[in-house]
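The values are calculated or read from the model by the stated rules, or taken from the named source; none is laboratory data. Model, not experiment: these values are computed from the prediction. All Cβ positions, glycine included, derive from the backbone under ideal geometry; neighbour counts span all protein chains shown. With ligands, DNA and RNA removed, areas are computed over all heavy atoms of the protein, side chains included. Shrake-Rupley method; radii C 1.70, N 1.55, O 1.52, S 1.80 Å.
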Amino acid sequence: MNEVTEVALSTVFMSEAFGTAVLVLLGCGVVANVVLPRTKGNGADWLLISFGWGLAVFSGVYVAHASGAHLNPAVTIGMLAQGKAEYADGVAISPASTVVYLVAQFLGGFVGALVCWLAYKKHFDAAGQDGLSTLSVFSTGPEIRSYGWNFVTEVIATFVLVYVILVFGETPSQLGPLAVAMLVVAIGASLGGPTGYAINPARDLSPRIAHALLPIPNKQSSDWSYSWVPVLGPLVGGALAGVAALVVG
């Protein structure tokens, strides 16, 4: 039997940070391509955004293979709630490793959003000059604002994501990048309509902070009154998925 080698927390940090950065760069990038003015993809539809986010996850999982490719605090919390011994092969669950995963994910989300802004800099400038909101490139928002029901939507969508990952693969890398990518596409197409399916606090909060800080001309609100929904909703959904996986298990 092959002995599992312990993975250094510095490796976990870099893996999760780079993987989440790639996820957010490509995910926010497809939204930028669709909604910003004078891009090649301007005016495309929701399915392109859903597929783009799915392929963003596909890419991020490969980048973050060393850490089990959580890329999402809801996945990390779900594994913690499930009572697993390890977050990935060679990464024991502990307070220190939990903090490393979460900090890396949020930092990676910010870096990915920043690089997306650099790639589309002139188009963000054009949107600001035209008086168009750019927040949707960075973060999600509800089509019908009802904080309680928006919260419920995020809980349900994230529960589906994390439960499937935990039950059928235990980590995204073990389940397979393509399978997780198609799961994200399915959630976007089926459950993404009400809120834009954040399903990942690091994917939403970190880019929202980037939006607030970046020098976008005539920038409008970062919608902080809504910002708790795509953070707490996914965390609750992930925790419930972990408990459900433990019970069914």
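Total residues in the stretch 127-141 satisfying the condition of being at pLDDT 95 or above and among the aliphatic types (A, V, I, L, M): the figure is 2. Every condition in (1) of a type outside the set (S, T, N, Q); (2) in contact with a helix residue (DSSP H, G or I) (Cβ under 6 Å, 6 or more places away or on another chain); (3) surrounded by fewer than 17 Cβ atoms within 10 Å (Cβ to Cβ) is met by ILE144 except one, and the failing one is (2). Against the numbered list (1) closer than 30 Å to THR39 by Cβ; (2) of a type outside the set (S, T, N, Q); (3) surrounded by fewer than 18 Cβ atoms within 10 Å (Cβ to Cβ), VAL152 comes up short only at (1).
Matching residues to (1) closer than 20 Å to ALA81 by Cβ; (2) open to solvent by 10 Å² or more (accessible area, probe 1.4 Å):
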position	(1), (2)
PHE124	no, no
ASP130	no, yes
PHE138	no, no
THR158	yes, no
PRO177	no, yes
LEU183	yes, yes
ILE187	yes, no
SER190	no, yes
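Candidates are the residues of the stretch 1-41 that are more than 24 Å from VAL100 (Cα to Cα) and of a type in the set (S, T, N, Q); the one that is surrounded by the most Cβ atoms within 10 Å (Cβ to Cβ) is ASN33. Residues that are touching a strand residue (DSSP E or B) at 6+ places or on another chain (Cβ under 8 Å), farther than 19 Å from GLY19 by Cβ and open to solvent by 50 Å² or more (accessible area, probe 1.4 Å) do occur in the stretch 91-113, at least one of them.
Being assigned to a helix (DSSP H, G or I) and open to solvent by 10 Å² or more (accessible area, probe 1.4 Å) is the requirement here; does ALA44 meet it?
Working: assigned to a helix (DSSP H, G or I): no; open to solvent by 10 Å² or more (accessible area, probe 1.4 Å): yes.
Taking the combined requirement at face value, the residue does not satisfy it.
Residues checked against (1) of a type in the set (Gly, Ala, Ser); (2) at pLDDT 95 or above; (3) within 21 Å of LEU161 (Cβ to Cβ); (4) touching a Cys at 6+ places or on another chain (Cβ under 6 Å):
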residue	(1), (2), (3), (4)
SER15	yes, yes, yes, no
VAL24	no, yes, yes, no
VAL61	no, no, yes, no
GLY68	yes, no, yes, no
THR76	no, yes, yes, no
ALA85	yes, no, no, no
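Scanning the stretch 27-41 for residues that are assigned to a loop (DSSP other than H, G, I, E, B) and without any contact (Cβ under 8 Å) to a residue 40 or more places away in the chain yields LYS40, GLY41. Checking each residue in the stretch 72-90 for being open to solvent by less than 30 Å² (accessible area, probe 1.4 Å) and over 21 Å from the mean Cα position of the chain (by Cα) picks out only GLY90.
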